[in-house]
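Any read-out appearing in this document is the output of simple, stated calculations on the displayed coordinates, not a laboratory observation. What you see is a predicted model, and the numbers here were worked out from it, not measured in a lab. Note that each Cβ is placed from the backbone with ideal geometry, even for glycine, and that neighbours are counted across all protein chains shown.
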Amino acid sequence: MPDLALLGGPRAITEPATDLFRWSDVTPDHEAAVLDVLHRGAMSGTDVTRQFEREYAAWQGQAHAVAFNTGTAAIQVAMWAVGLRAGDEVIAQSITYWASILPALSLGAVPVLVDVDPDTLCIDPGKIEARIGPRTRAIVVTHNMGYPTDMDRVMAIARRHGLAVIEDVSHAHGGLYKGRKLGTIGDVAAFSCMSGKSFPIGEGGILTTDSREIFDRAIAFAHYERYDDTIEEPDLAPYRGLPLGGVKYRMHQMSSALGRVQLRTYDDRVAGIQAAMNEFWDLLEGVPGLRPHRVDPSTGSTMGGWYNPKGLYVAEELGGLSVTRFCQAVRAEGVDCRPGLPYKPLHLHPLLHTADVYGHGKPTRLAFADRDVRERRGDLPVAEEVGNRTYGVPWFRRFDRDVIARYAAAFRKVVANHGALLADDPGNPPGLADWRAEPMV
Ligand SMILES: Cc1ncc(COP(=O)(O)O)c(C=O)c1O
């Protein structure tokens with residue numbers, strides 16, 4: 001076994017496979033679509049956006065799609081559209097991008113955070129019911145890093161308690177749960193389409209739903225200029241011409257134009273990603289210390305475009321080697337491998353404890369609450385330590401058996417030689433899984 005590159009041996013990867021990681025290609029079709037918008041001076045209109053919405057809804061298999069300028073806006077509007085109002089509680093997982101839940105604050109609603117499952121990194125359905133109270137109105141689930149949430153259990157809880165379910169599908173466009181498209185199982189779905197997502201169109205967000213009522217409200221909140229020709233709800237009619245949310249969230253048409261082009265090839269691209277990522281993990285099957293963050297394909301579920309893929313790390317199987325030191329050694333082999341997750345536990349951030357954003361004279365999170373829902377350190381143990389046992393893996397956008405084998409071999413090489421890394425292991429920095437070293441609450 002050759003020495004580790006970190007300790008002076010040869011690198012496993014000498015030529016980075018930049019082609020395999022590029023996403024997405026800028027084709028003449030993309031250029032033509034954007035230039036058409038520019039030359040027509042149609043950047044601020046809605047003609048291309050409405051076409052994109054129709055096509056996205058058809059692709060998603062749902063009755064309605066509404067485009068927004070960001071995914072964050074789509075989530076805020078989804079929350080309002082399912083009836084979340086001042087003082088209502090909304091449940092979400094602590095490990096997710098902040099936009100899955102923080103828009104609730106601007107509605108006067110009360111975020112309540114729940115632990116994640118250590119294997120799926122999605123909300124742990126077994127932890128939801130203990131946090132439901134008389135004012136709970138909705139649950140937001142994030143299909144984290146493409147992993148489909150256990151929707152059967154979430155929906156059973158939601159129906160039992162009369163709660164709305166919002167699916168945050170920002171990491172999982174095109175993913176399946178037991179054969180059903182992610183985003184079609186809850187009441188409404190929101191997707192971020194910013195650059196870097198598996199469905200990137202610059203900046204943008206999309207809301208989809210089968211509910212006419214939710215669709216109407218989504219238009220009314222933030223698309224005032226489309227009131228007349230779309231809205232059927234009699235309750236909304238008196239407010240024609242002004243946005244109920246006092247916001248303007250329409251999508252830039254260069255983004256909508258890009259979206260239309262992306263849709264045409266997206267399913268093929270996702271198939272390529274899935275083949276490549278599953279090949280990578282198949283090659284690491286049974287390697288001590290390394291577990292895939294992937295769903296069993298025999299269940300009919302998939303990871304969509306595998307946004308920002310991760311591996312789960314079991315230090316005990318590698319003599320206690322920290323994931324930080326492990327990743328350092330993998331990086332030295334020529335693979336961009338970072339320890340931890342992009343998200344830290346939201347429930348430990350001061351914004352959800354002390355910040356008085358709107359001058360209510362108390363923490364914004366509790367401005368309209370009738371109980372103190374704030375979680376304390378130790379309350380969500382998985383969320384608080386999961387960053388210490390996760391690492392990034394290459395996000396292959398295309399299938400190439402030889403290259404993928406070389407990358408998998410780099411991981412195997414470090415595992416096979418892990419004993420040589422133990423002596424100088426500095427351990428994980430306290431900030432890897434948390435906002436900072438010191439206790440915050
Ligand atoms: C899970 C999740 N939800 C929501 C968003 C917000 O989307 P946007 O950045 O388009 O506002 C993101 C974006 O990174 C995300 O990762």
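Quick check: the angle from helix 323-332's long axis to the longest principal axis of the chain, C-alpha only, nearest 10 degrees? Between helix and principal axis, roughly 70 degrees. Dividing the Cα radius of gyration of the range 328-441 by its Kirkwood radius returns 1.15 for Rg/Rh. The orientation-averaged projection of the convex hull spanning the C-alpha atoms of the range 38-95 amounts to 6.2 square nanometres. Taking a ≥ b ≥ c as the square roots of the eigenvalues of the Cα gyration tensor, the range 64-194 is classed as rounded, since a/c falls below 1.5. Could you list the residues of the range 4-41 with an amide nitrogen less than 15 Å from a label point located 7 Å from the Cα of THR265 in the Cα-to-C-beta direction? Once the point is set 7 Å along Cα→Cβ of THR265, 19-34 turn out to lie under 15 Å by backbone N, inside the range 4-41. FRET efficiency for the ARG85 to THR299 pair, using the beta carbon distance and R₀ = 35 Å, is estimated at 0.40.
Between helix 28-40 and the chain, what is the angle of the helix's C-alpha long axis to the longest principal axis, kept within 0 to 90° and rounded to the nearest 10? Roughly 30 degrees between the two axes.
Computed on the Cα atoms alone, the convex hull of the range 28-261 gives a volume of 115 cubic angstrom per residue. Note on the chain: Lys pairs 8 or more places apart or on different chains, Cα atoms under 25 Å apart, count 14. Share of pairwise Cα-Cα distances greater than 13 Å in the range 1-44 is 71 percent (whole percent).
For the chain, a Kirkwood radius taken over Cα pairs fed into Stokes-Einstein (37 °C, viscosity 0.692 mPa s) yields D = 143 µm²/s.
In a simple Cβ point-charge model (Lys, Arg +1; Asp, Glu -1; nothing else charged), the range 28-261 has a dipole of about 220 debye relative to its Cα centre. Distance from the C-alpha centroid of the range 101-158 to that of the range 301-342: 26 Å, rounded to the whole angstrom. For the range 1-155, the square roots of the Cα gyration tensor eigenvalues, ordered a ≥ b ≥ c, give a/c of at least 1.5 with a/b no greater than b/c, which places it in the oblate category. Hey, what angle do you get for helix 71-81 against the long axis of the chain, alpha-carbon based, 0 to 90 degrees rounded to 10? Result, in degrees: 50. Cβ-Cβ distance of GLU55 and ALA405, R₀ of 22 Å, FRET efficiency by 1/(1 + (r/R0)^6): the value works out to about 0.05. Computed extension length for MET43-VAL357: 109.7 nm, one decimal, from 0.36 nm per residue of separation with the Cα-Cα distance subtracted.
Basic side chains Lys and Arg get +1 at the Cβ, acidic Asp and Glu get -1 at the Cβ, and with that the dipole of the chain about its Cα centre reaches some 340 debye. Here the Kirkwood formula, the inverse mean of 1/r across different C-alpha pairs, assigns the range 177-259 a hydrodynamic radius of 14.1 Å.
Note on LEU35 and LEU422: their simple-model spin labels are 6.2 nm apart, each label 7 Å out from Cα toward Cβ. The calculated FRET efficiency for THR230 paired with LEU7, based on their beta-carbon distance and R0 = 51 Å, is about 0.20.
P(r) for the range 309-375, from all Cα pairs and a bin width of 5 Å, is 4, 14, 15, 14, 9, 7, 9, 10, 10, 6, 1 %, short bins first.
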